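What follows is one structure encoded as structure tokens, with my remarks underneath.
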Amino acid sequence: MNSDAQRSGGLDLTPRQRTTVATALTILGVIVILGAVGLLTWVVTAFLGYFSSVFLPLAVGGVVAMVFRPYYQLLHEKLRLPMPLAVLAVFLSVFVPLGAFGWFFGALLADQISEMVTQFPAWWERLVSQARQQWPEVREFLETNPWALRVREAAESQGGAIVAGLQQVGVRAMSAGRGVLGAVGGFLSWIMFPVYFAFFLAAGRSVSADLEHYFPFFKPETRRDVVFLLTEFVNIIVAFFRGQLIIAFLQGLLYAIAFSLVGLQYGFVLGLLLGFLNIIPYLGSMIGLGIGLPLAYFQPGGGATTLVLVFVAFVVVQSIESYVLTPRIMGSRTGLHPMVIIVAVFFWGTAIQGLLGMILAIPLTAFLVVFWRLLREKYMTELV
């Protein structure tokens with residue numbers, strides 16, 4: 001039997017050996033595929049991070065166009081407006097009110113920002129005065145508390161490292177000049193935003209119908225799965241940003257009203273800013289605590305009472321967002337736990353190096369969840 005196997009050029013393996021070899025090859029194949037996917041992901045994220053100033057206006061234009069596409073379809077298909085007129089009507093009816101809103105509140109925002117800048121020296125003096133008053137108690141604590149002594153010794157031992165770090169400030173300052181040039185280039189790339197918006201808005205054919213023709217090398221079933229994943233990704237982006245824009249706008253108004261009612265200086269501008277930042281989930285909330293509470297304490301006439309009132313206002317608005325706005329507007333469209341959302345924002349913000357990654361963090365993570373479910377249900381089998 002062995003001689004026959006040798007003459008035929010094959011291997012005579014027992015069933016157990018065949019199972020072992022098949023399992024090893026399967027594991028090796030999975031490792032190779034994961035490595036290839038990881039390498040491709042690294043290349044794509046590095047590419048997007050390097051050219052983010054080019055791709056960010058393109059991505060924002062596409063997302064905004066998809067958000068307002070039902071409005072365009074109403075004008076073009078139901079009311080029979082020609083495509084150029086429908087695009088122009090959408091552009092004017094969306095961005096002109098936004099411009100009017102910005103103009104109406106612009107003077108108030110400018111006044112509050114200007115007053116905030118002029119009040120900064122007074123805040124600093126108050127902070128220094130309170131620090132001087134509290135310094136004897138702090139010094140006594142540092143000199144007598146064992147834990148504080150250990151921290152002090154550790155800080156002194158790392159003094160050389162701190163000095164070396166400060167020496168890098170000049171080098172980083174030199175790179176700031178290149179950052180200014182990059183900002184100018186980014187501003188110029190945003191000039192193309194209306195063109196991107198109009199192009200994506202007027203792209204009228206079905207995404208699924210277009211994608212079917214781009215994958216002729218796949219089997220029909222695999223092609224359907226690929227089209228399903230890409231279509232699902234687009235649907236997730238549209239659903240997320242439609243809901244998140246509405247939630248961020250309403251939350252910003254609630255913050256502005258609540259902060260103004262409790263007497264927080266510049267509460268209106270701060271509230272609108274926090275609402276805008278909440279387009280990226282939880283970003284405005286985290287920044288709001290870091291800015292609003294110290295501002296409430298150190299502002300003229302402020303103190304512990306104002307700080308508590310601002311904190312209560314913050315908790316009330318955050319509760320309204322979590323238990324009323326998000327469930328009614330967004331629902332469970334992403335299916336992600338809040339902790340997963342926070343980790344995803346930091347992960348994709350680091351992976352794609354900046355704002356683009358933070359904006360796309362939730363859609364990308366939700367897409368990966370859908371992809372994993374499809375892979376697990378249709379393509380993964382038991383290895384042993």
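Laboratory data are not the source of any read-out in this text; all were calculated from the coordinates shown. Here the structure is a predicted model, which is why all the values come from computation and not from measurement. Glycine gets a Cβ as well: all are built from the backbone with ideal geometry, and neighbour counts include every protein chain shown.
Arrange the following residues from fewest to most other Cβ atoms within 10 Å of their Cβ: ILE27, ILE359.
Numbers: ILE27 12, ILE359 23.
Ranked by crowding around the Cβ, least crowded first: ILE27, ILE359.
Residues of region 212-246 with the amide nitrogen closer than 19 Å to a label point 7 Å from the Cα of TRP372, along Cα-to-Cβ, please.
Residues passing the 19 Å test: 229-230, 232-234, 236-237.
Put a dot 7 Å past each Cα toward the Cβ at SER319 and TRP103; how far apart are the dots in nm?
Calculated label separation equals 4.1 nm.
What residues of region 258-289 lie in the reach of a label at PHE311, counting those whose backbone N is under 13 Å from a point 7 Å from the Cα along Cα→Cβ?
So the set is 289.
Quick one: order VAL94, VAL128, VAL63 by neighbouring beta-carbon count within 10 Å, fewest to most.
So the residues, fewest neighbours to most, are VAL128, VAL94, VAL63.
For region 11-104, which trypsin sites (Lys or Arg not before Pro) are in a loop by DSSP, counting at most 15 other Cβ atoms within 10 Å? All intermediate terms of the calculation are to be shown ahead of the outcome.
Working: sites: ARG16, ARG18, LYS78, ARG80; in loops: ARG80.
Answer by residue number: ARG80.
Sort ASP225, ASP12 so that the residue with the fewest other Cβ atoms within 10 Å of its own Cβ comes first and the one with the most comes last. Mind dumping the intermediate values first?
On the way: ASP225 17, ASP12 11.
Ordered by Cβ neighbours within 10 Å, fewest first: ASP12, ASP225.
Once R0 is set to 30 Å, what does the formula 1/(1 + (r/R0)^6) return for the Cβ-Cβ distance between GLU232 and VAL32, expressed as a FRET efficiency to the nearest 0.05? Spell out each step's value before the answer.
On the way: r = 26 Å, r/R0 = 0.88.
Once the sixth-power term is evaluated, E becomes 0.70.
How far apart, in nm, are two points set 7 Å out from the Cα along the Cα-to-Cβ line at PHE276 and at THR222?
In this crude label model, PHE276 to THR222 measures out at 4.7 nm.
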